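What follows is a short report on a single structure.
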Amino acid sequence: MGRQIALFAVLALAVSAPRVLSAQDSNDVKQDRKEVRHDRRELRGDRKDIRHDTRDIRQDRRDVRQDVKNGDTTDARRDARDLRRDRRDRRHDVRDARRDRRDLRQDRKDVREDKQEKKDSTN
């Protein structure tokens with residue numbers, strides 16, 4: 001009797017294993033797609049920040065030129081400090097965008113590989 005139960009348990013596991021593994025493959029594809037969407041969203045945000053910082057830099061340059069032209073050195077120094085801060089922010093945003101593009105490329109590659117593995121496992 002105990003052997004029959006053990007044999008039944010082994011057969012049940014053997015039959016259910018492919019379904020469990022294919023469900024796990026499906027979760028991998030879903031997770032990779034979710035990561036792609038997340039990376040796209042981050043990349044859009046970085047691009048928006050870069051555009052905003054670029055506009056701020058242009059305005060700060062104009063302000064510095066105007067302050068120097070008017071002889072207001074205190075405001076010129078303050079605007080120059082703001083200009084450096086905006087340039088630093090833009091540099092960091094560009095670096096983040098580069099990382100996000102690299103992550104996006106890798107996540108897209110993972111999706112393609114998972115799809116290929118799923119396709120190969122069904123054949």
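The values are calculated or read from the model by the stated rules, or taken from the named source; none is laboratory data. As the structure is a prediction and not an experimental result, all values here were calculated from the model. Neighbour counts are summed over all protein chains in view; Cβ atoms, including those assigned to glycine, are modelled from backbone coordinates with ideal geometry. Ligands, DNA and RNA are excluded from the accessible area calculation, which covers all protein heavy atoms including side chains. Shrake-Rupley method; radii C 1.70, N 1.55, O 1.52, S 1.80 Å.
Remarks
- Number of residues in the stretch 69-97 that are in a helix (DSSP H, G or I) and open to solvent by less than 100 Å² (accessible area, probe 1.4 Å) equals 18.
- Count of the stretch 98-107 residues, restricted to those that are out of contact with any helix residue (DSSP H, G or I) (no Cβ under 6 Å at 6 or more places or on another chain) and surrounded by 13 or more Cβ atoms within 10 Å (Cβ to Cβ), is 3.
- Qualifying residue in the stretch 83-95 (condition: more than 26 Å from Asp39 (Cα to Cα) and in contact with a helix residue (DSSP H, G or I) (Cβ under 6 Å, 6 or more places away or on another chain)): yes
- Any hit, the stretch 101-121, residues being at pLDDT below 95, hydroxyl-bearing (Ser, Thr, Tyr) and assigned to a helix (DSSP H, G or I): yes
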